Amino acid sequence: MGDLRSNQLIGTFGPGSVYDLVDYSVVIASADQWLNQRFAPDLVINDIEIKEVVQKRLKELTDFNIPFIYGLMMPPYSRDDSDEHETAIGSVRAYRFPIYHRCSRCRVLCRLKDTSTETRCSHNHSNISGMEPCGSIKPDWKRGKLEPVRFITKCEDGHLQDFNWIAFKQLTCTGECKKHDRWGSPESIYYLNETSQGDFFNSIKIQCRICKNQSSLGKIKETISSINNGGYEKLDPELKRIFSCNGWRPWLKDNKTESCSRTLDFVPRGQSNVYIPIRESYISIPKNNFTDFDLDHQGIIQQLFHEQDDLNEFSREDAYNQIPIVKRFYKEDISQAISSYHDQSISTEHLDKKIDEYLEDLIEWKICNEEITADEIEVKYKFNEFRSLTTKLLSDEFICEPINHHENDFLSVKFNSISKIEKLKIVNVLLGFQRSFNIDDEKIKFHPSINKPSYLPASISWGEGIFLEFNFSEIDKWASLNKDFVETRNQVLNNRSKGSLQLRDVKNINYSLVHSFSHMLMKQLAYESGFSVTELTEKIYFFEDDQKVGLLIHTTSGDSQCSMGGLSDLADPNKLENIIKRALTTNLSCSNDPLCADSHGQGTSSLSHAACFGCLMLPEICCEVRPIKNSYLDRNLLVDLHGSVKSFFE
């Protein structure tokens, strides 16, 4: 896969995306075609709780078409590379896409097979006076290079296919050329020319060698405009056929198609909305229970539940009856794991009791998780993350130590606890992707990164950070002091969110307060710690019903093994107080004031107020809000800009 890094396969260039290799362009195949435990068992991420959360979410996103997953697995990488530069190798399957190519020399437009490795033109004709045909040139390297066409088509439901250049050109062809049916590099009769005449689409022309007819892509622009304005039914039948989606899924083996009633959009293959990855990040926290045992929990669960996909078919009694059988096969492994975990010798009688307890706990844990929704299990896991970040914990993967800030008058009022996170393991999981955001559709089609039960692609990143638990009574007190303002702003945010892409995850002003503080602090920490702001990210823990609110700011150096303490060392009461005060002072003014300070709505869907890229807005990679990044921001909530609201920090 050339220089594609393994971490890129969990994001921008995951399964279903279009990636440009040195010689041609490909679409990355679904992960079930290239992730296999047999070839690289050490790449499996053994965290049963994260796996359970992800499995539940994927099951709901796919309407139970993928009822379970084997686990999480990192993409393959070159063993010769250092940890900082893990590079994916050829075992990542991909298919050539698009299959239409244009010769850089003779400009012939040809169609190849998706399994072809042909990179040089072998065209037997020349459409340019005095130019020797590529097919007669020796040696091969002097021939024109076959370059993938710049445009492809996609639909709102996430299907991807080549534009039918041949059918489009034959609309204007005359005579025998309409019957021509050989479109390989040697025999094609069409040429794709780019000129400087007219606007962008009109400057690209397709010419037929037989009838000499030439037509521009301006017709495509007109057709798309007509479709967008509701004129699809008025189109010519042939144009309807060209712009109707065939349900192509070229990232699947044999390009398995499905029925689709959408129309196609004509887009550059590198356009950002051609691939919108859906990924989640979880902190791997010490479990302090049976799930911390070094065991194949998933394999044991499958044995306890007769390896069935639908656990609802079985009762507790069925699973408990399987315990003697499972013990016969796994007793030695479980005994060794329990002894290693407790780091001491255990009597045979006591060990047998521990094995029974482990299997019973595993059954109850699995059944309990099956009885709750994906949202509930995610909230449950996130709450466990919150508790871990407020507790002193030391393990190989997680080092957290709360600091004593209660003697600091400034910090002790606003924050219940502050923790220094020296080591953090973050598991990033690619659930799938979509190719559109559209508030007019109730449900945009989601495509999973696997097409059948398999391992989901995931990656591990290490970092450090600072965690702050807010004093919820202070937030409540602030909201009470600004009651009228809070009610009005909540109504504004609610209305604007429901009329935007954010309609499925509406936030209130209390969240806006914490989010604004987070962006303000990240920007200041970038100056103080030496990290670039793009290396920092936020994670907000907002449990309003439980009156628990926290903020984690951590590094996101994806492939590196932590860092040198540049961020976590700032979790010192005196240092942190000065950093926050400097950040507040900085945000009293903005280079775009007074327009920024007096703004009644900025950013996408006007979901931010006194916030712009001169003050609170940051690169999208830093912001956790989805899908509209840099929303719910307002520095007026943090500092007094013009007296319209009593600020949280006086």
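A short reminder: the numbers here are calculations on the coordinates, not readings from a lab. Keep in mind it's a predicted model, so treat the numbers as computed, not measured. Ideal geometry is used to build each Cβ from the backbone, glycine not excepted, and the neighbour counts take in all protein chains shown.
Quick look at the values:
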read-out	value
Proximal aspartates and glutamates relative to residue 113, as straight alpha-carbon distance under 18 Å, when same-chain residues fewer than 8 apart are discounted	20, 23, 147, 162, 181, 187, 254
Gyration tensor (alpha-carbon) shape descriptor, the stretch 32-71, a/c threshold 1.5	oblate
Relative contact order (%) - the chain, alpha-carbon pairs under 8 angstrom, separation at least six	14 percent
Expected 222 nm ellipticity per residue - DSSP helices of 4 or more, -39500 (n - 2.57), all of the chain, to 500	-8500 deg cm²/dmol
Links that overshoot a 27 Å alpha carbon limit, given the list 414/483; 548/581; 145/212; 483/523; 51/523; 287/477	483/523; 51/523; 287/477
Shape category assigned to the chain from the gyration tensor of Cα positions, a/c cut at 1.5	oblate
Under 5 Å, built H, 5+ apart or other chain: amide partners of residue 464	555
Three-way shape call for the stretch 397-637 based on the alpha-carbon gyration tensor, with the a/c threshold at 1.5	oblate
Under 16 Å from the Cα of residue 205 - lysines, other chains or at least 8 residues apart	169, 219, 221
Those residues of the stretch 520-539 whose amide nitrogen sits under 12 Å from the label point placed on residue 505, 7 Å along Cα→Cβ	539
Karplus 3J(HN,Hα) series, Hz, for the stretch 226-238 with 6.51 cos²θ - 1.76 cosθ + 1.60 (x for Gly, Pro)	5, 5, 5, 9, x, x, 4, 5, 8, 6, 4, x, 5
Whichever aspartates and glutamates have a C-alpha closer than 20 Å to that of residue 392, once near sequence neighbours (fewer than 8 apart) are set aside	292, 401, 407, 422, 464, 469, 569, 572
Local electrostatic count, residue 649, Cβ distance below 11 Å [Lys/Arg +1, Asp/Glu -1]	+1
Ranked by how many other beta carbons lie within 10 Å on average, peptides 350-356, 583-589 from highest	583-589, 350-356
Net lengthening on full extension, residue 131/residue 367 (0.36 nm per residue, minus Cα-Cα)	77.7 nm
Most to least packed among 539-549, 600-610 [average Cβ atoms within 10 Å]	600-610, 539-549
Phi to ³J(HN,Hα) by Karplus 6.51 cos²θ - 1.76 cosθ + 1.60 over the stretch 209-214, Hz, x for Gly, Pro	6, 7, 9, 6, 6, 10
From phi via Karplus (6.51, -1.76, 1.60), per-residue ³J(HN,Hα) for the stretch 599-610 in Hz, x at Gly/Pro	5, 9, x, 9, x, 4, 6, 6, 8, 10, 10, 7
Sorted peptide list for 422-430, 622-630, criterion being average Cβ within 10 angstrom, highest first	422-430, 622-630
Relative contact order of the stretch 95-274, defined on C-alpha pairs under 8 angstrom at six or more residues apart (%)	23 percent
